[in-house]
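Participant: Handing you a structure now.
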Amino acid sequence: MRSVCLLLLYTTVAFAASVIPDRKCRGVYFDNKYYDIEILKEGINKIHQLVFNNNDNTVYFTFGQIGAVPYRSLGYYNLDTRQAGLIGGVRNASGVAVDQIKNKVYVGGIDGVYALNRDKEPERYPIYDNIHKLFFRDVLYYINVRKEAYVFDNGIVNRMPELQTEKVDDIIVDDDDNVFFLQNDTLFRVKLGTRAINIHEGYPINVMAVDPYYRAFFSTKNGIFIYNKYKFALDRVSRMKDLRALAFTKNMEPIYAVVDILIKLKANPTNCYDYRI
Ligand SMILES: *[C@@H]1O[C@H](CO)[C@@H](O)[C@H](O)[C@H]1NC(C)=O
Ligand SMILES: *[C@@H]1O[C@H](CO)[C@@H](O)[C@H](O)[C@H]1NC(C)=O
């Protein structure tokens, strides 16, 4: 027993002494890794919502068309073929969400919600409302243009009971059943099935996102934070700021928009090297 403890202590000290002070890293730091920047596409105006579909390795996003009346469309970018395109058929496409298990992409516009079929054509889905944002975790959530939050479960639309009396601008739900919602740039949290709403002050939030494990991320002017469920607080994981949207590939590589540029962070193991020779 004692020798095991000594060995553990020894390896811990040896690791700390040899690895940490003798390493230097370059690139963009995000959640304990260093990445290279890869520009996927430029010239995307006012990205509204962005999701990544693991099944077809494709980013789906809604964005603003330039014109007299504000109008949004659905676009995509396939990481395998590097092809970008537009998907028509949804008027003022604003909300987009993905069910990774069923390989279904949902799109919401003025007339309600659609699901993309195999040919990427929108097919009517039984939700009739003027959609602002969508979110999927087990079930489909949506926010309409009146800022009311709803859940679609087993063919039935209901106001989210947790947010019955709240006006909200955006929502996500994490792996621990926490609902995070924004009122303008103020962040609130409530557990699914409860009514006790907590506020996270001090961090005006411009973007919320979940990774493939449904961990919750928040972009602010002071960097990107992750929700720490043991501390009930946000921890900073990157100095990147002013993102317009954020999503993650199945390999946990961040994809995000800054101004009108769509960017992917590419993991590069050679970004950290020993400088003691
Ligand atoms: C599209 O949606 C935006 C945001 O809700 C709204 O301001 C705009 O008027 C809509 N456009 C049309 C043509 O309905
Ligand atoms: C955001 O702020 C505006 C202006 O103060 C307010 O009218 C609106 O209701 C706020 N949004 C929410 C969801 O509270």
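Participant: Return yes or no: is residue 76 outside any loop (DSSP other than H, G, I, E, B), within 23 Å of residue 209 (Cα to Cα), open to solvent by 30 Å² or more (accessible area, probe 1.4 Å) and modelled with pLDDT of 95 or more?
Facilitator: Details: outside any loop (DSSP other than H, G, I, E, B): yes; within 23 Å of residue 209 (Cα to Cα): yes; open to solvent by 30 Å² or more (accessible area, probe 1.4 Å): yes; modelled with pLDDT of 95 or more: yes.
Yes: the conditions hold for residue 76.
Participant: Something else: Could you check how many residues of region 60-73 are within 18 Å of residue 98 (Cβ to Cβ) and within 13 Å of ligand 1 (Cβ to nearest atom)? Write out each step before concluding.
Facilitator: Step one: filter region 60-73 for residues within 18 Å of residue 98 (Cβ to Cβ), giving 60-63, 72-73.
From what is left, the residues that are within 13 Å of ligand 1 (Cβ to nearest atom) are 62-63, 72-73.
Residues meeting the conditions: 4.
Participant: Hey, can you tell me all the residues within region 155-169 that are part of a loop (DSSP other than H, G, I, E, B) and β-branched (Val, Ile, Thr)?
Facilitator: Here is the first cut: in region 155-169, the ones part of a loop (DSSP other than H, G, I, E, B) are 155, 160, 164-169.
Within region 155-169, 165, 168 qualify.
Participant: So, one more: If I ask for residues that are polar (S, T, N, Q) and more than 23 Å from residue 137 (Cα to Cα), which ones from region 79-97 would you list? Walk me through it before giving the result.
Facilitator: Of region 79-97, the ones polar (S, T, N, Q) are 81, 83, 92, 94.
Of everything in region 79-97, those that are polar (S, T, N, Q) and more than 23 Å from residue 137 (Cα to Cα) turn out to be 81, 83, 92.
Participant: What are the residues in region 131-161 that are open to solvent by less than 60 Å² (accessible area, probe 1.4 Å) and aliphatic (A, V, I, L, M), if any?
Facilitator: 131, 134, 139, 140, 143, 149, 151, 157, 160
Participant: Only one of 227, 273 is exposed (fewer than 14 other Cβ atoms within 10 Å of the Cβ) and in contact (Cβ under 8 Å) with a residue 40 or more places away in the chain; which?
Facilitator: Details: 227 fails: exposed (fewer than 14 other Cβ atoms within 10 Å of the Cβ).
Just a single option satisfies the conditions, and that option is 273.
Participant: Mind telling me which of the residues 233, 196, 209 ends up being open to solvent by less than 20 Å² (accessible area, probe 1.4 Å) and either basic (Lys, Arg) or away from ligand 2 (no atom under 16 Å from the Cβ) (or both)?
Facilitator: Working: 233 fails: open to solvent by less than 20 Å² (accessible area, probe 1.4 Å); 196 fails: open to solvent by less than 20 Å² (accessible area, probe 1.4 Å).
Criteria check complete, one pass: 209.
Participant: Among the listed residues 127, 110, identify the single one that is over 20 Å from the mean Cα position of the chain (by Cα) and open to solvent by less than 10 Å² (accessible area, probe 1.4 Å). Don't jump to the end; show me each part of the working.
Facilitator: On the way: 110 fails: open to solvent by less than 10 Å² (accessible area, probe 1.4 Å).
Just one listed residue meets the conditions, 127.
Participant: In the set 67, 85, which member is open to solvent by 40 Å² or more (accessible area, probe 1.4 Å), more than 16 Å from ligand 2 (Cβ to nearest atom) and farther than 23 Å from residue 127 by Cα?
Facilitator: On the way: 85 fails: open to solvent by 40 Å² or more (accessible area, probe 1.4 Å).
After applying the criteria, what remains is 67.
Participant: Any idea which residue in region 170-186 is surrounded by the fewest Cβ atoms within 10 Å (Cβ to Cβ), counting only those that are touching a residue at least 40 places away in the same chain (Cβ under 8 Å) and assigned to a strand (DSSP E or B)? Explain how you work it out, then say what you get.
Facilitator: Initial filter on region 170-186 (touching a residue at least 40 places away in the same chain (Cβ under 8 Å)): 172-176, 178, 180.
Add one more test, that the residue is assigned to a strand (DSSP E or B), and what stays is 172-173, 178, 180.
Details: 172: 21, 173: 22, 178: 18, 180: 22.
Only one residue tops the list, namely 178.
The values are calculated or read from the model by the stated rules, or taken from the named source; none is laboratory data. Values in this document were obtained by computation on a predicted structure and should not be read as measured data. Cβ sites come from the backbone with ideal geometry, for glycine too, and all protein chains shown count toward neighbours. Please note that ligands, DNA and RNA were not included when accessible areas were found on the heavy atoms of the full protein model with its side chains. Shrake-Rupley method; radii C 1.70, N 1.55, O 1.52, S 1.80 Å.
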